[in-house]
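The values are calculated or read from the model by the stated rules, or taken from the named source; none is laboratory data. It should be emphasised that the depicted structure is a prediction, and the values quoted were computed from it without experimental measurement. Don't worry about glycine lacking a Cβ; one is built from the backbone with ideal geometry, like all the others, and counts go over all protein chains shown.
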């Protein structure tokens, strides 16, 4: 039996996002503009991500129930009864409880809170890609979205200086409210090209009998740099692939590789 590399793709299935992006700077493309920080300091940091675009590093400054941040704008429009898809990349210490949240308000100014949701997950110690589908309560007009880490003065694990990272927050209207459906993207977009690169890297080299040279050699227990660029660009010529490796900040015996995909220039 051929061993399968330990990769994951959390957005493979789910309600199909069809509306426009509701967040104005969820990917931090213009720095911290519009972001709101709670009981922490924030700075752009690319040492954990290992790619060209930095993420947001949050450091706890006050021992209160939680610390975190929410993305702009505040508030943004939400329609009660409409289904939405919230996504984010978050990294924290292994075992640390984390939350994605959306609050609902019944007025345009965001003054009358009527509910919301908190999606709890436990940090793996690596980069966790999270996707949540939710439907705002009837009467909802606007909302806000962010992430926070749990902890308080009665929690012995909480301390001044606790950190976590977050990036690529996204929130879009979705379809398929009656159930889950296969996610799709438009052909020749960056998302579709990135999916094709992912298909190459998820396939163990030699696994496809009819095309044994397709795929990626499992790098588990190997030394030296990971060459994901060569097979990815060989089988997906529309892509330019950048691979950067970095040591795990929580486990010095682990190295992580981040693959960045761009559309290949005609020039």
The number of residues in segment 197-231 that are farther than 21 Å from residue 256 by Cα and either outside the structural domain of residue 247 (by TED's automatic domain parsing) or in contact (Cβ under 8 Å) with a residue 12 or more places away in the chain (or both) is 3
State all residues of segment 210-263 that are in contact with a helix residue (DSSP H, G or I) (Cβ under 7 Å, 6 or more places away or on another chain), in a loop (DSSP other than H, G, I, E, B) and surrounded by fewer than 17 Cβ atoms within 10 Å (Cβ to Cβ); if no residue qualifies, say none. 238
Residues being in contact with a strand residue (DSSP E or B) (Cβ under 7 Å, 6 or more places away or on another chain), assigned to a helix (DSSP H, G or I) and at pLDDT below 85 - total across segment 180-193: 1
Pairing a residue in segment 164-181 that is farther than 20 Å from residue 79 by Cβ with any residue that is buried (at least 19 other Cβ atoms within 10 Å of the Cβ) and at pLDDT below 80, where Cβ atoms lie under 6 Å and the two sit 6 or more apart in sequence or on different chains, gives 165/48
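Out of 114, 160, which single residue is at pLDDT 85 or above and either part of a loop (DSSP other than H, G, I, E, B) or over 17 Å from residue 56 (Cα atoms) (or both)? It would help to see each step written out before you state the result.
Working: 160 fails: at pLDDT 85 or above.
Every option except 114 fails the conditions.
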Within the bounds of segment 96-110, is there any residue that is over 19 Å from residue 174 (Cα atoms), part of a loop (DSSP other than H, G, I, E, B), in the same structural domain as residue 159 (by TED's automatic domain parsing) and free of Cβ contacts under 8 Å to residues at least 24 places away in the same chain? no
List every residue pair whose Cβ atoms lie under 8 Å apart, where the two residues are 6 or more positions apart in sequence or sit on different chains, the first residue falls within segment 135-147 and is free of Cβ contacts under 8 Å to residues at least 60 places away in the same chain, and the second residue, located anywhere, is part of a strand (DSSP E or B) and crowded, with 19+ Cβ neighbours inside 10 Å. 135/84; 136/84; 136/102; 136/104; 136/143; 137/104
Residue list for segment 82-111, filter: surrounded by 17 or more Cβ atoms within 10 Å (Cβ to Cβ) and under 30 Å from residue 251 (Cα atoms): 86, 87, 88, 89, 90, 91, 92, 96, 98, 99, 100, 101
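Yes/no per residue for (1) in a loop (DSSP other than H, G, I, E, B); (2) at pLDDT below 90:
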position: 2; (1), (2): yes, yes
position: 6; (1), (2): yes, yes
position: 24; (1), (2): yes, yes
position: 34; (1), (2): yes, no
position: 37; (1), (2): no, no
position: 51; (1), (2): yes, yes
position: 67; (1), (2): no, yes
position: 81; (1), (2): yes, yes
position: 93; (1), (2): yes, yes
Members of segment 53-85 found to be more than 15 Å from residue 40 (Cα to Cα) and within 19 Å of the chain's Cα centre (by Cα), listed by number: 53, 54, 55, 72, 73, 84, 85
If residue 124 meets every condition in (1) in contact with a strand residue (DSSP E or B) (Cβ under 8 Å, 6 or more places away or on another chain); (2) not in a strand (DSSP E or B) apart from one, which number is that one? (1)
Restricting to segment 234-267, give me the number of residues that are at pLDDT 80 or above and more than 24 Å from the chain's Cα centre (by Cα). 3
